[in-house]
Amino acid sequence: MIRFLLPALFAFLFILESLFVELIPAELFNSDRILAPHFLMAGILFLTAYLSPKHGIIYGLIFGFLFDVVYTEIIGIYLFVFPFIAYLFANMIRVLQTNILVVSILSLAGIALLEIGVYQLMLLIKITDLDFSTYVKIRLVPTLILNLAFIILAAYPFKKQFEKASDRLRND
Amino acid sequence: MPQFFLNKRLIMLLVSIIVLVALIGFSLREREELTWPEKFVKDSTSWVQSLVSRPANYIAGVVENLQDLQNTYQENKELKKRVDDMARLEAKVYSLEKENEELQEILDKQESLADYEPIQAVRIARSPERWNELIVINKGTANGVEKNMAVITAKGLIGKVKSTTPFSATVQLVSSIDPTNRISAILQAEEPLYGTIEGYDKKNELLLLKGLPYDAKVEKGQNVVTTGMGGIFPKDLPIGKVVKVVPDEFGLNQTAYIKPEANLYDVEHVMVVKKSMISVDLEESLKDSEGEEEGN
């Protein structure tokens, strides 16, 4: 049973993102800000830090693919960006220490990188025509604040879960 | 620099960028249908999502109802005023409908572009990345939903079906910017003005109605509805109201900014609209051609 804990946790994060945009009061969305949850990315980055980079990249690939098929219908974007950012993050972590504060700040940086990277791709394939300054004002900053709040709430439970999983792996 | 090219990581990166471009290209071209692995993945996730989404929405609904209780007194006052007006309107609608029916009978006109059959559906997911505004609904090809059908709420048009799987369908909202997402629309001024809905102003959350004649007089608050001439959407589905009008870049046309009638964020119960007329016509013409072939 315990073997399915991690996939179940990530499946929950995957659905939570969609639930979040469904249930958040419409007034928050109807104002001139766009909030995009990136809970899955935060989960993958914490997994990379506390379990292993290999796990992070594999989960990034699987859930990136699911994300693309189910939510964007453009296969390739998140499939590429999730593992790529997990890889960069793993290299950063190797240099720095795995202090929970450092991991949290770096996760937020990873999410910012994901946002900007996806924005550039969307601009390239003409899904959006926002200019960069408007984008930063109405989307990037509110999104980062939202995800920072999520990271603050979830950092400690994530750390505990993934360290437990890492212990289990070592014992097996 | 042989060492440079032998770098395993660099080659991995290059290969994955090539695969990325190929995959994006594959999924961006006009596709009639999704591939079967996509359908399978979408169907299974939509099943799980509907398991989670229904109870969550129910609980959120209860909370919302409690909040609504606070405003009941004010709302009641307001609504009572409107009810008086309703009775008068209802009588008028009844007599007009009857007259319309009789006139159509005289003309022997049985079907119109405005006829449609609604398929009720419930939203089970919404794309969280919010570049492409997509929602997933719980009815698919098994219930008669097909690609490109219009999707409405009680208030008005919200989008069209982008892709279908047997038990779910993905709806692209009118607010997503897509060059292929154009809707033929009428602006109901004194003389009806025709244009197309192209694009969306994300910052102000307004739809753009382009191609209005440069000398047309458009006023704030006029209604915009579908024409039914695009061949996909039925006639007279409300889209929104004019907020402002500006001349376009070359001064040959005007662009009207339309505030969508339906709330594009708070969509839970939707209707997929099956246009009655075109399907009848297609079947008949098919039968006709078959008959001819048999005759030959």
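Read the figures in this text as sums done on the coordinates, not as results from a lab. Being a predicted model, the structure only gives us computed values, none of them experimental. Every residue, glycine among them, receives a Cβ derived from its backbone with ideal geometry; neighbour counts consider all protein chains shown.
For segment B:182-260, the tally of Lys pairs with Cα-Cα distances below 13 Å comes to 9, considering only residues 8 or more apart or on different chains. At a Cα cut-off below 19 Å, give the aspartates and glutamates reachable from residue A:137, other chains included and same-chain residues fewer than 8 away excluded. Cross-link targets: A:27, A:32, A:115, A:129, B:129, B:201, B:205.
The distance separating the Cα centre of segment B:3-48 from that of segment B:222-242 comes to 37 Å. Grab the other residues whose beta carbon is less than 13 angstrom from that of residue A:16, score K and R as +1, D and E as -1, and report the net. Residues near residue A:16 contribute -1 overall.
What does the charge dipole of segment B:80-190 about its Cα centre add up to, to the nearest 20 debye, if the Cβ of each Lys and Arg holds +1 and the Cβ of each Asp and Glu holds -1? Working shown, then result.
Values: 16 positive and 17 negative charges, 174 e Å.
For this selection, approximately 840 debye.
From the largest down, segment B:182-260 spans 31, 29, 22 angstrom on the principal axes of its Cα atoms. Note on chain B: with a GNM built from Cα contacts shorter than 10 Å, the maximum mean-square fluctuation among B:249, B:198, B:219 falls on B:249.
Averaging the Cα positions of each part gives two centres, and for segment B:131-161 and segment A:67-100 these lie 31 Å apart.
Could you work out the helix-only [θ] at 222 nm for the protein assembly as shown, with each DSSP H run of four or more residues adding -39,500 (n - 2.57) and the total divided by the number of residues, to the nearest 500 deg cm²/dmol? Don't skip to the answer; put the middle values down first.
Working: 13 runs with 247 residues, N = 468.
After summing the helix terms and dividing by residue count, I get -18000 deg cm²/dmol.
Could you tell me which of B:227, B:211, A:81 has its Cα farthest along the dipole of the protein assembly as shown towards the positive end, charges placed at Cβ (Lys, Arg +1; Asp, Glu -1), taken about the Cα centre? Of the listed residues, the answer is A:81.
The charge dipole of the protein assembly as shown, taken about its Cα centre with unit charges on the Cβ atoms of Lys, Arg (+1), Asp and Glu (-1) only, comes to about 3020 debye. Towards the positive end of the charge dipole of segment B:1-129, with charges on Cβ (+1 Lys, Arg; -1 Asp, Glu), say which of B:53, B:76, B:86 has the farthest Cα. Of B:53, B:76, B:86, it is B:53. Taking every residue in A:145-156 and counting other chain Cβ atoms within 10 Å of its Cβ, the average works out to 0. Straight-line reach from residue B:162: taking Cα to Cα under 12 Å and skipping same-chain neighbours fewer than 8 places apart, the aspartates and glutamates in range are A:73, B:30, B:32, B:33, B:133, B:146, B:178. Translational diffusion of segment A:36-163, estimated by Stokes-Einstein from the Kirkwood radius over alpha carbon pairs at 20 °C in a medium of 1.002 mPa s, is 145 µm² per second.
Looking at chain B, which longest stretch skips every one of the chymotrypsin sites (Phe, Trp or Tyr not before Pro) that is in a DSSP loop with at most 11 other Cβ atoms within 10 Å, leaving the sites themselves out? Could you put the intermediate results ahead of the total?
Details: sites that count: B:214, B:250.
Counting at most 11 other Cβ atoms within 10 Å as exposed, the longest clean stretch of chain B is B:1-213.
How much space per residue, in cubic angstrom, does the convex hull of the C-alpha atoms of the protein assembly as shown take up? Can you show the working numbers first?
Numbers: hull volume 110.1 nm³, N = 468.
Output value, Cα hull per residue: 235 Å³.
The Rg/Rh ratio for segment B:1-88, using Cα coordinates for both the radius of gyration and the Kirkwood hydrodynamic radius, is 1.41.
Other residues lying with their Cβ under 10 Å from the Cβ of residue B:261 contribute a combined charge of +3, Lys and Arg counting +1, Asp and Glu -1. With a Förster radius of 51 Å applied to the beta-carbon distance between residue A:54 and residue B:79, the computed FRET efficiency rounds to 0.25. With loop membership from DSSP and a limit of 14 other Cβ atoms within 10 Å, the longest segment of chain B without trypsin sites (Lys or Arg not before Pro) is B:32-108.
Treating each Cα of chain B as an identical point scatterer and summing with the Debye formula, the log10 of I(q)/I(0) at q = 0.10, 0.13, 0.15 Å⁻¹ comes to -0.75, -1.15, -1.36.
Quick one: Kirkwood hydrodynamic radius for segment A:112-172, alpha-carbon pairs, angstrom, one decimal?
Values: mean 1/r = 0.0709 Å⁻¹.
This gives a value of 14.1 Å.
Within 10 Å of each Cβ in peptide B:117-129, how many partner chain Cβ atoms are there on average? Round it to a whole number, please.
Working: counts 0, 0, 0, 0, 0, 0, 2, 2, 8, 8, 9, 18, 15.
Mean shielding by partner chains, rounded to a whole number: 5.
Using only atoms on other chains, find how many Cβ atoms lie within 10 Å of each Cβ of peptide A:64-71 and report the average.
Working: counts 0, 3, 4, 3, 6, 10, 13, 12.
Partner-chain Cβ atoms within 10 Å, mean over residues of A:64-71: 6.
Of B:34, B:173, B:207, the residue with the greatest mean-square motion in the GNM of chain B, using alpha carbon springs below 10 Å, is B:34.
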